[in-house]
Structures are given as C-alpha cells and as structure tokens.
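Taking it in order: structure first as structure tokens, then the write-up.
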C-alpha cells in the first residue's frame, strides 16, 4: 500500500511464470498484437504507435522525450512534484531548452500559468505535464492543460504512470500526443514495463527529425519495426517475454472489470480510507477537488514518529506505506490504493493497524 | 534452442513469481546486495560498480556507451557481426567518432588489426568488441584484444551477452573496463535484464565527464545511488522486482554448478551436437578454434528449405532454432545450447527431429 509497486494478484504472477518462448515465435507475435490493442484500450486511444517499452516508467518518460525533442527545441514543463523535475532533466539531456511553470507541491498544475507561458513564448513547441503526481497525490486537470497546449500548436506529453487504471485517462479525447504509463501502479502488474502511445502528429515530428534519436534502445522508429509490420517483424532487442505475459493478463483483468468500474472502485476505497483516517485525526495534503484516489498523501499526526510507524506497519502487519519526498519528507505518508490493492480488506487492515500503533 | 531467449527452468520461473515487494523494502535491499555479489562472481570481477540494468542487453550496451563516451571521443569498434554494428550506432548517437576494424562474419576479431588501428591513431581512447557474437557463433580472443587495448591506454568495453555462463569470462584478469551481459542466454533466466560492470578506471572517466550522461535512465551516477550506499538508498526508478528475484535464482544456480562446470557442460553438449549433425552431413560455419559451444551456426544442407524446416521443428517438435542474419540469411541455422538448455536430452531430441525432417 505504498506508492508502487502495488500488490500483484496471483493470477498475474502465474501468467508471468508461464514457459518462456521465443520473441519471434508466431504465438508470441499474436500476443504482442493483443497487447497493443489492450494498451490502446487502457489509454483510450486509436494511436497506431502504441506498445510497451521494455523497461520501467522512467524509460517510458525518456522514450517520449528522446523521440520528440531535438537539440534547441523549447519545451514547457509543468512542475508540481518530483516527476515534473525529472521531465526537465530529460529535456536538458536531449539538448532541449526547458521553460517551466511551477505550482506548489500538493497543488495541481494551473492551466492559466500554462496559457500565459505559451503566449509569452510562441517558439515553445512541446508542453509536458504529469497527470497524477505520485510524489504528492495530486491529480491535475489533464483535459484543460492539454487543450491549452493544442490551442498553441504544441505537442502535448502527459505522464500517466499512476493514472492509468485508477482515474479516467482519454488520450484521444484530450488530444494528448505522447504518453507513458507503468505496470506497477494501478495495473497491479510486475514492475518493469512502460506502455507508451504516440499520436499521428507525434509520429510526424518523429519522422521529420533532423538527426537520429539519441537512444538506440528507445528509438521508436526501430522499436516499431519489431512491434508492427505486415511484412514481418524485424529483431530489435529480445522482448521481456514473461513480463509481457503478465502485462497482457493485467490488461485483460482491467478489460474484464471495465475502466469506469475500476475508477469507481478506486474512489470508493479512497472514501473508505478517508473516513477511517478521519477518526484517527489524520487529514489530507491535497484539496478534495484534486486528490488521487489511488495515492493518498496524508499528514503525519503531531508527536508521531514517521519512520518508526512505517517500520512497525511493515514488520508487524506486512503493510508498506510510502514516506514523503523532498520538502514533504517526515511530514506526510503516501498510502497507495492502487489497482487490485484497492480493496475493503486492505483499507480496513491498514486503518486497524494504524489505530493500534498510533492510539 | 535458438539464439535466445533460452529455455527457463521451472525453479527460475517460480522465483520470478514470488510475491512482489517494495523496491525499498529492507528484504529487497538485502537481495540486491546478494545480486551484486553474484554478478561479480559471474563476471569474475571485484568491480564496485556492478549491478543489473533494469532493461535488456541492448540497454546494457547503451549504458556502457552513454556513460563512457562523450561527444568527440574516438572509439575503435571491432565489427564481425550484428552486434559490432550496433556498437557503432551507439558511439555515433553519443556524439562519438567511431573508427572500425572489420573481420568477415564467421571470423573472430583479429587482434593485429586492433593493434594497427590503435597505433595509427593515438587519439583513440576507447576500444569496444563483442566477445561472443550471437549473429555468427564466433568467440573472439577477449584476453588478447583487451591486452592490446590496455597497452594503448584505452578503456575496453566488451559485450559478454552470450558469453557469461557459457564460456570463460574474466573481467578483472583480462582488464576489461566495462561489460554488459543478458539474462536470456546462458543464465537461462527471464529475458529483460542486463548485468553490467565498470572498472575503477571506467568510474574515473565517468566522474570526470564534462557533461551529463545523455540518458537519465541509464546514468550510472544516479543508478548507483539506489544500488549502493551505506547512507541509505535513494529512489531512482522502480526496480523490476520479480525479474530480479529470477536473476538472483539463476545466479545461485550458476554458483551451485560452478563456472568451470557450466563451461565444461556447454562444450560437452556442443561435441554431442556436432557428432549428431556430422551424421546428417551438416557442418559448421566457424573454425573449431573460434566456435561458441552455446551457439552453433551450421550450414543448411543443399536442397533443404530453411523456413519450412524451422517451422516444422517448431510446430511438430516444439523446438525453436534461429535463422541466419544479414548475409547469412537462408544459408545457416543458429542452434543454441544455452544455459540449462544445454542438456543431452535437448541435443538428442533436436538431432532426431532434424533427422526425421531432412532424411
């Protein structure tokens, strides 16, 4: 019940331990095709260029930036937590120029600031923001932010690592051009893979690049030759076969439950947790309008020792919760209710354990 | 029995499906420490900077190049197959200048050519070569090549993806400064992770860089803060927990068997395969002195159709063997005897199946 990896259901663990077959085996290629369709479903997109990157969400982030940012490109990055800062690192390591708008940790990205920044510098061609900030438990208004970006002819990159499967994500409706997620949050899958998707407009930028993508491993032109092609698949790297079995299973489970039902469940469990915490006098960092149901960032009560409570939870109750990051270290806990960890049983066990420890 | 992924033993599949715990859980950090020691053992090195990259061997290759090559650096790359060519791509995408020595596909790297090239251009500071070329089944003389590089004050990068666990690898004795391997070859582990190791000299280059490593995800300075540190581990990315359970188990199994015993077994199975193939009139591409026992590249007999035999093996006998790459396509098969796939039963099944199909 930390900020991820979330607990992985036995069904997904079992899928991940099926016998390893070859990455060019016809049966595996069929599974790849199904995975692409399932990721399109999870992202709510028809984007052709949709598939899993064979590495964690951080590599998914890097895939979006190295493919779309060329040296000298101006990128507006919205910072309201750790992952916005990481985006700036990515822009700069691509030789891009990062311009930032900043909101306090615990607050959402302000679309008006984005509007002002894009008006002030018409050379900005890319807008990047984090939909669900795992460091603070904040949900930003992705639809509004993306709309501002598109009104200024930007390519829009959205981090949906913690969002997908937990809150509504609509890449196509919101006109997001590139997004990356992670397996280890609300998909409750084995950590280590990052689903990504690129719009037709992003593909156009990719194919009009003046120089090669700086990463060979993350070059979407090369990856696509393996993940697509009626004319046969050409080897790029050995796919992480078993991790993809598990991803396939987790996406099937999401499809079985339904996106709306999964989101509703996350909200219901958030309410249950909130009510339990209220009785302990524990409140939330984030305003109700911008909370993530799947990541509850709550104030540590006065006089309670952060680390010792987390250690007791882990050792005596087998429950992991997350520490605060950056300026929030020692002030908040991050309680995850992600994917299949978002159950009444988990919420009640956590509340009971906290009650025993704190009271 | 292709060029990888090799067959994964049930024991390793089981390890990979243990319950997922947190990447900062004290029990997981203990496992990480054991993994580092086990990789040091597999590479035969005392290098401090030794750990698994959370992505496949191709990313391990990229980790070596992006960390050690800065724009303008001259790198001598030895090409005798697909993976030498990929190294050139890596050098160039780092802004480095690749100088190449070329040997025919099916031949080993010629240390004399390396010597001549390094003499001709004293500005070359890095030498890169592939120890075990998976595209051709050739073993190059890593000890001699590295010695030439060190005599010319080069940092030496060696691809040991297919080598580790199958043939002798001695990073320290051979004075190799950076190496990457893969889990999916002779470790018989789940595909998707790349053990890497950097010498003290490589670390010195890394810490004297003039600019940041172009990849945030593969920046060893940042990765090390998670994999090391008596002062606590700082979060970089979410580790692929289950894939690392599996890697740990596969390395334990290698340690139980012993490196020499594992190498001996690969040679014995190669002999058995060779004798069986001889009766079918099938010979080897590579001279006996430079063969890889774990990857047998053999000529397709006259009048035998490449694809239809491979399809029959897969469909009727559940055996995968690899096709030839590049100029060898249609001319050779690549029969893997990697890790726990290198058994008498597998060799005999393969020979019997080929006999049935071809005769």
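Each reported figure results from applying straightforward, stated rules to the coordinates on display, with no laboratory input. Computed from a prediction, not measured in an experiment: that's the story for all the values here. Don't worry about glycine lacking a Cβ; one is built from the backbone with ideal geometry, like all the others, and counts go over all protein chains shown.
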Within 10 Å of the Cβ of an average residue in A:240-246, the count of other chain Cβ atoms is 6
Starting from the coordinates of the alpha-carbon atoms of segment B:42-108, obtain the Kirkwood hydrodynamic radius over all distinct pairs and give the value in Å to one decimal. 13.1
Run the Debye formula on the Cα coordinates of chain A, all scatterers equal and no solvent, and tell me log10 I(q)/I(0) at q = 0.12, 0.13 1/Å. -0.86, -1.00
Which angle between 0 and 90 degrees, to the nearest 10, do you get for helix B:241-257 versus the longest principal axis of chain B when only C-alpha atoms count? 70
Students often check this: by mean Cβ neighbours within 10 Å, which of A:251-257, B:53-59 ranks highest, and how do the rest follow? B:53-59, A:251-257
Tally the DSSP beta bridges in segment A:10-255 and give the antiparallel ones as a percent, rounded to 5. 35
Degrees between helix A:142-151 axis and first principal axis of chain A (Cα, 0 to 90, nearest 10): 30
For chain A, what is the relative contact order in percent, using Cα pairs closer than 8 Å and at least 6 residues apart in sequence? 24
Evaluated at q = 0.16, 0.19, 0.26, 0.29 Å⁻¹: base-10 log I(q)/I(0), Debye formula over Cα of segment B:172-232: -0.69, -0.92, -1.18, -1.21
State the Cα centre-to-centre distance between segment A:321-359 and segment A:34-82 in whole Å. 29
Shielding score for A:11-24, defined as the mean number of other chain Cβ atoms within 10 Å: 6
Quick one: B:43, A:217, B:83, fewest Cβ neighbours within 10 Å first, how do they rank? B:83, B:43, A:217
Return A:136, B:238 ranked ascending by Cβ neighbour count within 10 Å, so the fewest neighbours appear first. B:238, A:136
What is the distance in Å between the Cα centroid of segment B:86-101 and that of segment A:122-188? 35
Would you mind listing how long segment B:104-185 runs along its three principal axes, going by Cα atoms, in whole Å with the largest first? 37, 28, 16
Rounded to the nearest 500, what is the 222 nm mean residue ellipticity of chain A from helices alone, with -39500 (n - 2.57) per DSSP H run of 4+ residues and division by all residues? -13500 deg cm²/dmol
47 Å tail of the calculated P(r), the protein assembly as shown, as % of Cα pairs: 18
Descending packing, highest mean Cβ count within 10 Å first, for A:323-331, A:197-205 is A:197-205, A:323-331
Fewest-first ordering of A:94, B:263, B:64 by Cβ atoms within 10 Å yields B:263, A:94, B:64
Distances from residue B:170 to the same position in the other copies: list them in nm, one decimal, shortest first, using label points 7 Å from Cα along Cα→Cβ. 6.5
